[in-house]
C-alpha cells in the first residue's frame, strides 16, 4: 500500500523556471501529454466520497505511449498537505479497462489533460 502526499505550488513564470533549469545544466528530454479520466461509481457517488479511480494515458504526438489505473483513497484532512492511499498499476489496454469499469457501474466523471516536460 502506498500513500500519496501532495503539495501543489503555483508557477507564474514557466519561462524563467525553464531558463534556470537550463542554466544549471538541465537538458530537455521529452514532452508528453497526460490525459486523466476520473471514474465514480453510480451508487457510491451518492455518499459524497472523495475516493476515486483514475485512468491515466500518456501521449506523445497523439500516440499512446503508456497507461495506468490508480485507486485514490479518501483524503486525510488532518495534514497540511493532501494525503491519501494510492494504489497504481500499469495497464496494457486502456479501452478494455474502461469497458470493465463501465460494466461494473462506474462512469467517467471528469477528464483533463496535463503537459509534462522532462529535463
Checklist outcome for this item: For residue 107, the lone unmet condition from (1) under 21 Å from residue 50 (Cα atoms); (2) not in a strand (DSSP E or B) is (2)
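Does residue 34 qualify as being within 12 Å of the chain's Cα centre (by Cα), modelled with pLDDT under 95 and surrounded by 14 or more Cβ atoms within 10 Å (Cβ to Cβ)?
Details: within 12 Å of the chain's Cα centre (by Cα): yes; modelled with pLDDT under 95: no; surrounded by 14 or more Cβ atoms within 10 Å (Cβ to Cβ): yes.
Taking the combined requirement at face value, the residue does not satisfy it.
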Checklist outcome for this item: Within segment 91-119, residues being over 30 Å from residue 21 (Cα atoms) and touching a strand residue (DSSP E or B) at 6+ places or on another chain (Cβ under 7 Å) number 12
Next on the checklist: Checking the conditions here, which among 118, 89 is surrounded by fewer than 12 Cβ atoms within 10 Å (Cβ to Cβ), free of Cβ contacts under 8 Å to residues at least 24 places away in the same chain and under 17 Å from the mean Cα position of the chain (by Cα)?
Outcome noted: 89
Checklist entry - Going by the structure shown, is residue 53 at pLDDT 95 or above and within 28 Å of residue 30 (Cα to Cα)? => result no
Next on the checklist: It is to be established whether one or more residues within segment 34-42 are assigned to a loop (DSSP other than H, G, I, E, B) and touching a residue at least 24 places away in the same chain (Cβ under 8 Å).
Outcome noted: yes
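The values are calculated or read from the model by the stated rules, or taken from the named source; none is laboratory data. None of the values given here were measured: they were computed from a predicted structure. Cβ atoms come from the backbone with ideal geometry, glycine included; neighbour counts cover every protein chain shown.
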